[in-house]
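Okay, handing you the structure first.
The values are calculated or read from the model by the stated rules, or taken from the named source; none is laboratory data. Just so we're clear, the structure is a prediction, and the values are computed from it rather than from any experiment. Virtual Cβ from ideal backbone geometry, glycine too; neighbours counted across all protein chains shown. Areas reflect the complete protein model, heavy atoms only, side chains present, ligands, DNA and RNA absent. Shrake-Rupley method; radii C 1.70, N 1.55, O 1.52, S 1.80 Å.
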Amino acid sequence: MHEMALCRSIIELCREQAEQQGFRTVKTIRLAIGTLSHVEPQALEFGFDAASRGTLAEGAVLEIERPPGQAFCMVCEATVPLAQRFDPCPRCDGHQLIVTGGEEMRVKDLEVE
Ligand SMILES: [Zn+2]
């Protein structure tokens, strides 16, 4: 399951950061989960609850940003918004698109104690 694997890597990252920076508790985790990634924020929050139990990130709040999908259209030679991965270009209806945004899944920031 996608979300559980992501939760585990988030917690792993918290551990590494805690070792480097010497904090004990993670209060807030700010994440960027692009709208084109296959991660459901709700499933992520749910999975995180379970995965973080007994770790330094237990009880941490997830603040999830949703960067919108974006692609570069080779026909229009322009960056266009992309609601879904395999949607055509909203300008020319073509499919010569390179996804440039909205696929990211990353931790932006940790608030720690
Ligand atoms: Zn186009």
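For segment 28-48, does any single residue satisfy the condition of being more than 16 Å from the chain's Cα centre (by Cα) and either without any contact (Cβ under 8 Å) to a residue 12 or more places away in the chain or more than 16 Å from the ligand (Cβ to nearest atom) (or both)?
Within segment 28-48, none of the residues are more than 16 Å from the chain's Cα centre (by Cα) and either without any contact (Cβ under 8 Å) to a residue 12 or more places away in the chain or more than 16 Å from the ligand (Cβ to nearest atom) (or both).
Conditions (1) surrounded by 15 or more Cβ atoms within 10 Å (Cβ to Cβ); (2) at positive phi; (3) within 16 Å of the ligand (Cβ to nearest atom), marked per residue:
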{"position": "Leu56", "(1), (2), (3)": "yes, no, no"}
{"position": "Cys76", "(1), (2), (3)": "yes, no, yes"}
{"position": "Val80", "(1), (2), (3)": "yes, no, yes"}
{"position": "Gly102", "(1), (2), (3)": "yes, yes, no"}
{"position": "Asp109", "(1), (2), (3)": "no, no, no"}
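Name every residue in segment 82-100 that is away from the ligand (no atom under 13 Å from the Cβ), of a type in the set (A, V, I, L, M, F, W, C) and without any contact (Cβ under 8 Å) to a residue 60 or more places away in the chain, in order of residue number.
Residues satisfying the conditions are Ala83, Phe86.
Mind listing just one residue for me: the one in segment 35-51 that is part of a loop (DSSP other than H, G, I, E, B) and open to solvent by 20 Å² or more (accessible area, probe 1.4 Å) and, of those, farthest from Thr100 (Cα to Cα)?
Result: Glu40.
Could you please give the count of residues in segment 58-68 that are within 15 Å of Lys108 (Cβ to Cβ), open to solvent by less than 70 Å² (accessible area, probe 1.4 Å) and either assigned to a loop (DSSP other than H, G, I, E, B) or not hydrophobic (A, V, I, L, M, F, W, C) (or both)?
Residues in segment 58-68 being within 15 Å of Lys108 (Cβ to Cβ), open to solvent by less than 70 Å² (accessible area, probe 1.4 Å) and either assigned to a loop (DSSP other than H, G, I, E, B) or not hydrophobic (A, V, I, L, M, F, W, C) (or both): 2 in total.
Listed here are the residues, each with its yes/no results for (1) touching a strand residue (DSSP E or B) at 6+ places or on another chain (Cβ under 7 Å); (2) closer than 18 Å to Glu111 by Cα.
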residue: Gln20; (1), (2): no, yes
residue: Phe23; (1), (2): yes, yes
residue: Leu36; (1), (2): yes, no
residue: Val39; (1), (2): yes, no
residue: Gln42; (1), (2): no, no
residue: Phe46; (1), (2): no, no
residue: Ser52; (1), (2): no, yes
residue: Ala71; (1), (2): yes, no
residue: Gln84; (1), (2): no, no
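So, Phe23, is that one closer than 17 Å to His2 by Cβ, out of contact with any Pro (no Cβ under 9 Å at 6 or more places or on another chain) and open to solvent by less than 50 Å² (accessible area, probe 1.4 Å) or not?
Criteria not met by Phe23.
A further question follows. Please work out which one of (1) touching a residue at least 12 places away in the same chain (Cβ under 8 Å); (2) part of a loop (DSSP other than H, G, I, E, B); (3) not polar (S, T, N, Q) is the condition Gly54 fails and give its number.
Evaluating Gly54 over (1) touching a residue at least 12 places away in the same chain (Cβ under 8 Å); (2) part of a loop (DSSP other than H, G, I, E, B); (3) not polar (S, T, N, Q) leaves (1) as the failure.
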